[in-house]
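Q: Below is one structure. I have some questions about it.
The values are calculated or read from the model by the stated rules, or taken from the named source; none is laboratory data. Small disclaimer: the values here were computed from a predicted structure and weren't measured. So basically every Cβ, Gly included, is an ideal-geometry build from the backbone, and we count neighbours across all protein chains shown. The accessibility values were calculated without ligands, DNA or RNA, using every heavy atom of the protein model including side chains. Shrake-Rupley method; radii C 1.70, N 1.55, O 1.52, S 1.80 Å.
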Amino acid sequence: MIAAILLAAGAPTITAAAEVAVAGRQVLIGDVVTGSMLDARTRARVVATLPRDGASVTISRQGLARLVRRSLPGAEMAGPDGEIVLRSIAPAPVAGTCFVLAAPVAKGEAITPDLVSAASCGESRPGSVGFDRAAGGAVALAALPAGTRLGHIPPLSAAGVGKGAALRLVSVAGPVRIERQVTALQPSRGRRVFVRDADGRVFAAPLHIGGTK
């Protein structure tokens, strides 16, 4: 008797939720059935396919149980009576356009619009591009040759500076204005950026595009 009770406690059961949202159109066993006896492979079995992305279908729980038994023969589905809504969540559109490098870039270099061309969204090179907060967009994580597919990335605005750019540092104290040449140690487009002066000192300062730094 104890063994039978424990088995029932872990047996597959139709979810008690009034609505189940699924990614895409396929409804999996794991979406609509609970129970500790289900392994990962069983949970990944398809129960039903919704008519289109974003669609909602209302089905009786008994009808859903019959669909589950088709994918899980011999299972006894328990659960409350009534209806359940199966709702498809349309995949979110991927922002931006796919790009391919039109010129080689060095590791750490900002990916600017002049360095890329629009391309079909084929397989991109994994781990080739990252997002740099200081640069405000995409940077190369390794040296990349021309022709490298980058996939969907946020290219940097043309309004910015690249690593190694010569900049003018302006310090103002009352009526005194001091200017000196510095070199950018990282790409940036309007944020604070680390620079090195002629004496080799490194420090950060706000960047003003089209003005002073």
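Q: Would it be correct to say that ILE153 is open to solvent by less than 30 Å² (accessible area, probe 1.4 Å) and at pLDDT below 80?
A: Numbers: open to solvent by less than 30 Å² (accessible area, probe 1.4 Å): yes; at pLDDT below 80: yes.
So ILE153 passes the test.
Q: Report yes if VAL20 is under 11 Å from ARG87 (Cα atoms), in a strand (DSSP E or B), open to solvent by 20 Å² or more (accessible area, probe 1.4 Å) and in contact (Cβ under 8 Å) with a residue 12 or more places away in the chain, otherwise no. Full working, then the answer.
A: Values: under 11 Å from ARG87 (Cα atoms): yes; in a strand (DSSP E or B): yes; open to solvent by 20 Å² or more (accessible area, probe 1.4 Å): no; in contact (Cβ under 8 Å) with a residue 12 or more places away in the chain: yes.
No: the conditions fail for VAL20.
Q: Could you look through region 23-51, keep only residues that are in a loop (DSSP other than H, G, I, E, B) and basic (Lys, Arg), and pick out the one that is farthest from the chain's Cα centre (by Cα)?
A: Ranking the candidates gives ARG45 first.
Q: On to the next question. Which residue, of ARG177, ARG133, is among the basic types (Lys, Arg) and at pLDDT below 70?
A: Working: ARG177 fails: at pLDDT below 70.
When all the criteria are applied, what remains is ARG133.
Q: May I pose another question? Mind checking which pairs have a first residue in region 47-61 that is under 15 Å from ILE14 (Cβ atoms) and among the basic types (Lys, Arg) and a second that is open to solvent by 40 Å² or more (accessible area, probe 1.4 Å) and not in a helix (DSSP H, G or I), Cβ under 7 Å, 6 or more apart or different chains?
A: Final answer for the pair search is ARG61/GLY79; ARG61/PRO80; ARG61/ASP81; ARG61/GLU83.
Q: Let me ask something additional. With (1) within 17 Å of ALA16 (Cβ to Cβ); (2) open to solvent by 40 Å² or more (accessible area, probe 1.4 Å); (3) small (Gly, Ala, Ser) as the list, and SER56 as the residue in question, which single condition is left unmet?
A: With respect to (1) within 17 Å of ALA16 (Cβ to Cβ); (2) open to solvent by 40 Å² or more (accessible area, probe 1.4 Å); (3) small (Gly, Ala, Ser), SER56 is out only on (1).
Q: Give the residue that is modelled with the highest pLDDT, with candidates limited to residues of region 112-130 that are touching a strand residue (DSSP E or B) at 6+ places or on another chain (Cβ under 6 Å), surrounded by fewer than 20 Cβ atoms within 10 Å (Cβ to Cβ) and hydrophobic (A, V, I, L, M, F, W, C).
A: ALA119
Q: Pairs only if they're at least six apart or on different chains, beta carbon under 9 angstrom, first in region 187-213 and under 19 Å from GLU109 (Cα atoms) and open to solvent by 100 Å² or more (accessible area, probe 1.4 Å), second of a type in the set (Gly, Ala, Ser) and at pLDDT 80 or above; list them, first residue then second.
A: PHE194/ALA184; ARG196/ALA184
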